[in-house]
Amino acid sequence: MINKRLLIKNLLAHNDESSFYDKKRKIDLGSKEGKAKFLKHICALSNSNPKNNSFIVIGVEDEGNEIRGVDFFDDSKLQNLINAYLTNAPIISYENVMFPHLSEDKVVGLVTIRPTGEITSLRKNIWKYWGGSIFLRDGSISMPKDFDIVIKDVNSEIVRAIETKAKNNIELTLDGVIDFINNRHSELEAHYKVFKEIFVLCWAGQTKQIKGKTYYSRVDIELINEQVKLFYSALDDVSIAYTDDYFKITEYVSLGLNNQFQYYPLEEVTIDFKENGFYNIETQLIFEAPKFNKKTLFHIYNSNNALLEKLQKNIPLRPSEEKDVENLSETYLICYLNDFTEAKEKLYDAKPYLKTIGGKTYQTFKESVRILRKVRYN
C-alpha cells in the first residue's frame, strides 16, 4: 500500500517536472480554459507514459517546490469530464493528501493517471484546442504532436522505484492514528476502525442526536494508511454507518429561506474494503432539489441582485443587508435549483466580494459551489 504523502515527497525530490510528473499551484475546473488546460495535461501525460502511472501534484509553488496546499476537492465526477472530452481516456483518480504543516482545511491534490496503452486524443473542441488533437510531454511542457507519433516506454523503472520508496509502514500508520485522535481532533468525538486487517480509517466530528439518529458536523474522515482525506466539510452534516466490509457516508445539506431550514440528503459514499488489499469508492448523488414559491424566489433573487450591485460599487451596506450577504450564496443556489438559470452566473460574479469578506460568508460560497458542481455533473 502506497503512502500518498511519501509519494508526493518522492516526486518533488526526484527532479523538476518531467514526462511522467507535473505540478501546479492550483487548477481551475470552473472555466472552459481551466478545463481545457487540465485535459491537455492529462492527455499528454497519458500518451507519454503508456505503461506506467503519471502524476499531477496540485498545491505546490513552481519556485522552490514549496507546499502551499489547496482546498479539499471532492469531485467524484472528474472521470466523467475526462471520458466526455478524451478518446481512449485514461483512468484517473484525484486524492486529497494531508501534510502536517498545512491548516486543517488545506490539502495537496494528487492526480494519478493510469493509461490504457492506446493513443489518447481530444474527442471534441474545447477552448482553443481542436477535437482530434494529440499532446505529448516535451520535458515539462505539454505539446501538440502529429498523429504518426511513436511512443517509447522510458519511465516505467523510474516510476516503479518512486512508488516502491513510498510504501507504507506500521510506524507511519500508528503515528497517523495518534496524531488524528490526540492532536488534530482532540476537541471532537474521534474514532478509528481497522478493515480487513489492513486499512485503518479515522473519523471525527461534532455529534448531535436527531430523532434517535447520530449526525456529525465539522467532519473529517481519513484513510490513515495512505494519508488521504476521504471527506471534509466545515458546514454540512453527515451520518455514518459501517460493517466489517464497508464504511458509508451520507451527506446532508441544510437549505431554506427566511431562517426556516431543512436537511436534504445530498450524496452517499460507500467505501468497500476487499480481502485482497484493495478498496472501491462508489458515489451516488441522492439529492432532490427543494422547491419554493416562485413569487417568494423572485423577491429574493431581485434582493440578491441589488446586494451584489452594492458590493460591486463598494456602497456601504445596512446592518440587515450585512446579514443577508451571509446567505447570498445559498439563496442564489436555491434560485438556480428552481430554474432561475442566471443565478449561477450571479453566484460566480459575487465570488471576489464574498472572498474579501471571508469567514463563514466565503465558506458558504464554497459549499454552494460544491453542491452546484455535483448537481451539474450528475
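The values are calculated or read from the model by the stated rules, or taken from the named source; none is laboratory data. Remember, it's a predicted structure, so these values are computed and weren't measured experimentally. Every residue, glycine as well, gets a Cβ built from its backbone with ideal geometry; the counts of neighbours run over all protein chains shown.
When segment 183-195 is limited to residues that are surrounded by fewer than 17 Cβ atoms within 10 Å (Cβ to Cβ) and either modelled with pLDDT under 95 or outside the structural domain of ASN280 (by TED's automatic domain parsing) (or both), the one that is nearest to VAL238 (Cα to Cα) turns out to be GLU189. Of all residues in segment 133-149, those that are over 11 Å from THR120 (Cα atoms) and small (Gly, Ala, Ser) have Cβ atoms under 9 Å from Cβ atoms of residues that are outside any strand (DSSP E or B) and at pLDDT below 70, 6 or more apart or on another chain, in GLY139/ASP16; GLY139/GLU17; SER140/ASP16; SER140/GLU17. Against the list (1) in a loop (DSSP other than H, G, I, E, B); (2) modelled with pLDDT of 90 or more; (3) within 25 Å of the chain's Cα centre (by Cα), the condition SER76 fails is (2). Just checking, does segment 287-299 include any residue being buried (at least 17 other Cβ atoms within 10 Å of the Cβ), small (Gly, Ala, Ser) and out of contact with any Phe, Trp or Tyr (no Cβ under 6 Å at 6 or more places or on another chain)? No: zero hits.
Residues in segment 226-269 that are of a type outside the set (Asp, Glu), in contact (Cβ under 8 Å) with a residue 60 or more places away in the chain and in a loop (DSSP other than H, G, I, E, B): GLN227, ALA234, LEU235. The set of residues from segment 80-100 being in a helix (DSSP H, G or I), surrounded by fewer than 16 Cβ atoms within 10 Å (Cβ to Cβ) and of a type outside the set (A, V, I, L, M, F, W, C) comprises ASN80, ASN83. Confirm whether VAL154 is in the same structural domain as ILE119 (by TED's automatic domain parsing) and either outside any helix (DSSP H, G or I) or aliphatic (A, V, I, L, M) (or both). In short, yes. The set of residues in segment 109-137 that are within 30 Å of ILE67 (Cβ to Cβ) and either among the polar types (S, T, N, Q) or loosely packed, with under 13 Cβ neighbours inside 10 Å (or both) comprises THR112, THR120. Scanning segment 28-48 for residues that are hydroxyl-bearing (Ser, Thr, Tyr), surrounded by fewer than 17 Cβ atoms within 10 Å (Cβ to Cβ) and modelled with pLDDT of 90 or more yields nothing. Out of segment 185-225, which residues are in contact (Cβ under 8 Å) with a residue 24 or more places away in the chain, of a type in the set (S, T, N, Q) and closer than 20 Å to ASN96 by Cα? ASN225, the sole residue that qualifies.
Against the conditions (1) part of a loop (DSSP other than H, G, I, E, B); (2) among the acidic types (Asp, Glu); (3) under 24 Å from the mean Cα position of the chain (by Cα); (4) under 20 Å from ASN10 (Cα atoms), GLU63 satisfies every one except (3).
For segment 346-368, residues that are within 15 Å of PHE72 (Cβ to Cβ) and loosely packed, with under 15 Cβ neighbours inside 10 Å total 0. Residues that are exposed (fewer than 14 other Cβ atoms within 10 Å of the Cβ), polar (S, T, N, Q) and within 22 Å of GLU367 (Cα to Cα) within segment 313-344 comprise just one, THR341. Of all the listed residues (ILE210, ILE134, ILE221), the sole one being under 23 Å from the mean Cα position of the chain (by Cα) and of a type in the set (Val, Ile, Thr) is ILE221. Per the listing LEU29, LEU12, the residue uniquely hydrophobic (A, V, I, L, M, F, W, C), over 25 Å from ALA161 (Cβ atoms) and in contact (Cβ under 8 Å) with a residue 12 or more places away in the chain is LEU29. Being of a type outside the set (D, E, K, R), under 30 Å from the mean Cα position of the chain (by Cα) and modelled with pLDDT of 90 or more is true for just one of PHE278, PHE287. Which residue is that? Testing whether each residue is of a type outside the set (D, E, K, R), under 30 Å from the mean Cα position of the chain (by Cα) and modelled with pLDDT of 90 or more leaves just PHE287. Considering segment 22-55, the residues that are part of a strand (DSSP E or B) and in contact with a Leu (Cβ under 7 Å, 6 or more places away or on another chain) include one that is farthest from ASN83 (Cα to Cα), namely ASP22.
Meeting the requirement of 1 or more residues that are more than 30 Å from ASP245 (Cβ to Cβ) and among the basic types (Lys, Arg), the helices (runs of 4 or more DSSP H) wholly within segment 279-355 are 294-312, 319-326, 343-349.
Matching residues to (1) over 22 Å from PHE73 (Cα atoms); (2) in contact with a Ser or Thr (Cβ under 9 Å, 6 or more places away or on another chain); (3) at pLDDT below 90:
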| position | (1), (2), (3) |
| --- | --- |
| LEU235 | no, yes, yes |
| ASN258 | yes, yes, yes |
| VAL269 | no, yes, no |
| ASP272 | no, no, no |
